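The values are calculated or read from the model by the stated rules, or taken from the named source; none is laboratory data. Remember, it's a predicted structure, so these values are computed and weren't measured experimentally. Note that we place each Cβ from the backbone using ideal geometry, even for glycine, and neighbour counts take in every protein chain shown. Note: accessible area is taken over every heavy atom of the protein model, side chains too, but ligands, DNA and RNA are not part of it. Shrake-Rupley method; radii C 1.70, N 1.55, O 1.52, S 1.80 Å.
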Amino acid sequence: MKTMKIVFFLSFFLSGGLLSAQDLNAVAAVGLDGGKRWVLAIHGGAGGPERGSMKPEKEKQYTDSITRALQIGSRILSAGGSSVDAVEAVIRFMEDCPLFNAGKGAVLDEDGKAELDASIMDGKTGKAGAVAGVTIVKNPITAARAVMDKTQHVMLIGPGADAFAKAQGLQIADPSYFITPERLEAWKAEKQKTRTGQPAPPSAEKEKKGTVGCVALDSYGNLAAGTSTGGMMMKMRGRVGDSPIIGAGTWADNNSCAVSCTGYGEYFMRNCAAYTVAVQMLYASRPLEEAAHFVIFDILKAKGGDGGLIAVDKDGNVAMPFSTNAMFRGKVSAGSAAEVLIY
Ligand code: ASP
């Protein structure tokens, strides 16, 4: 299958005026000349449409948004910023973009409401933060980061998490802010089906999800990962998927790799998907690509759980396997081409 591939060289970013002179110097200092490097990979969800079924304008909207997200992360990493900062900034942008199933544009639960989950992990410190079932936090990834940085805990849920975000002075939004006309239409159609017959079980393929995730290796050798989602369409109220679960949807450890998953969350949770990639590297001496492929195909797909993941290891290798039709994704690193791919 021919892969749709859009390649933007670093010169594109530079000629586009998106990097300042200061950024340029930073690229030279930490990237190309210094022998050090940074790497960034992102996903916008697995279970995208079959090739040819998406309107070209829509496809362009996705590739443009992923390109923009890569640029945001590149700016931070090329200027010597941390992988945690890059991951948070990239995911904030994707949460604000209504195309993706995270923040604004999240899929709706059985009651027609958006309940949002997010997590972030710092591979240097081993610290992690997560929120689940939040309803008024504009950027759940920033709330997850605040849990990591400002509390003794790893995860806050529901009203407690909403209240914590408010108390931290994070941006608060009315629950209606998250609901886009497109998601509402899809919810209504799905609700109609449940009235008239048997609803089909959810699957990563069918739901055309757009969970977002980001993994990064910064120029100091520190890894970080984050994931943010509205979960699965028509999920039960209170359902929490893999995305905010450390070890299932997100993992980062400087000794192995950083991972962000997307797909049918229950399978990822039951198989500790993200952590298992690291385990395969650490205890089975598998290279990243093989470890990631093993988790997606030999463990998850073999059990009926479709999806994908993005991962970067401590040496800067990137793997982005998926078992669905498509997975919106992109990667960029110091001094090399940025790529945006869908199929
Ligand atoms: N894994 C997410 C969940 O189950 C959904 C997705 O990645 O599309 O909540």
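The phi-based Karplus calculation (6.51 cos²θ - 1.76 cosθ + 1.60; θ = phi - 60°) puts the 3J(HN,Hα) values of the range 136-145 at 10, 8, 4, 10, x, 5, 6, 5, 4, 5 Hz, whole numbers, x for Gly and Pro.
Checking the cross-link pairs LYS127/LYS166; LYS60/LYS301; LYS127/LYS191; LYS235/LYS303; LYS58/LYS150; LYS138/LYS303 against a 32 Å limit on the alpha carbon distance flags LYS127/LYS191; LYS58/LYS150; LYS138/LYS303 as lying beyond it. Once the trypsin sites (Lys or Arg not before Pro) in DSSP loops with at most 13 neighbouring Cβ atoms within 10 Å are cut out of the chain, the longest remaining piece is 3-236. Here the Karplus relation 6.51 cos²θ - 1.76 cosθ + 1.60, evaluated at θ = phi - 60°, turns the backbone of the range 224-230 into coupling constants of 8, 9, x, 8, 9, 7, x Hz, with x for every Gly and Pro. Once you have a ≥ b ≥ c as the square roots of the Cα gyration tensor eigenvalues for the range 266-343, tell me rounded if a/c is under 1.5, and otherwise prolate or oblate according to whether a/b is larger than b/c. Oblate shape, in that a/c is at least 1.5 and b/c is the bigger or equal ratio.
Dividing the summed helix terms, -39500 (n - 2.57) for each DSSP H run of n ≥ 4, by the number of residues in the chain produces a 222 nm estimate of -10000 deg cm²/dmol to the nearest 500. Oblate is the label for the range 58-143, because a/c, from the alpha-carbon gyration tensor with a ≥ b ≥ c as root eigenvalues, is 1.5 or above and a/b does not exceed b/c.
Based on Cα contacts under 8 Å between residues 6+ apart, the range 57-195 shows a relative contact order of 20 percent. What part of the accessible area of the chain, given as a whole %, is carbon or sulfur when the probe is 1.4 angstrom? About 54 percent, which is the carbon plus sulfur part of the accessible surface. In percent, rounded to a whole number, the relative contact order of the chain is 26, using alpha-carbon pairs under 8 Å and six or more apart.
Computed over protein heavy atoms with a 1.4 Å probe, the accessible surface of the chain works out to 40 Å² per residue. The alpha carbon gyration tensor of the chain gives principal lengths a ≥ b ≥ c with a/c below 1.5, which makes the shape rounded. In summary, the aspartates and glutamates within cross-link reach of LYS331, defined as a Cα separation below 14 angstrom excluding same-chain residues under 8 places away, comprise ASP64, ASP218, ASP313, GLU339. The long axis of helix 273-284 is offset from the longest Cα principal axis of the chain by roughly 40 degrees.
When the chain is treated as a GNM with alpha-carbon contacts under 10 Å, the residue of PRO159, PRO98, PRO140 showing the greatest mean-square fluctuation is PRO159. Round to the nearest 10 and give me the degree value, 0 to 90, for the angle of helix 181-196's Cα axis relative to the longest principal axis of the chain. Orientation of helix 181-196: about 40 degrees from the principal axis. Pairing the Cα long axis of helix 83-96 with the longest principal axis of the chain, what angle in degrees results, from 0 to 90 and rounded to the nearest 10? Computed tilt is about 40 degrees.
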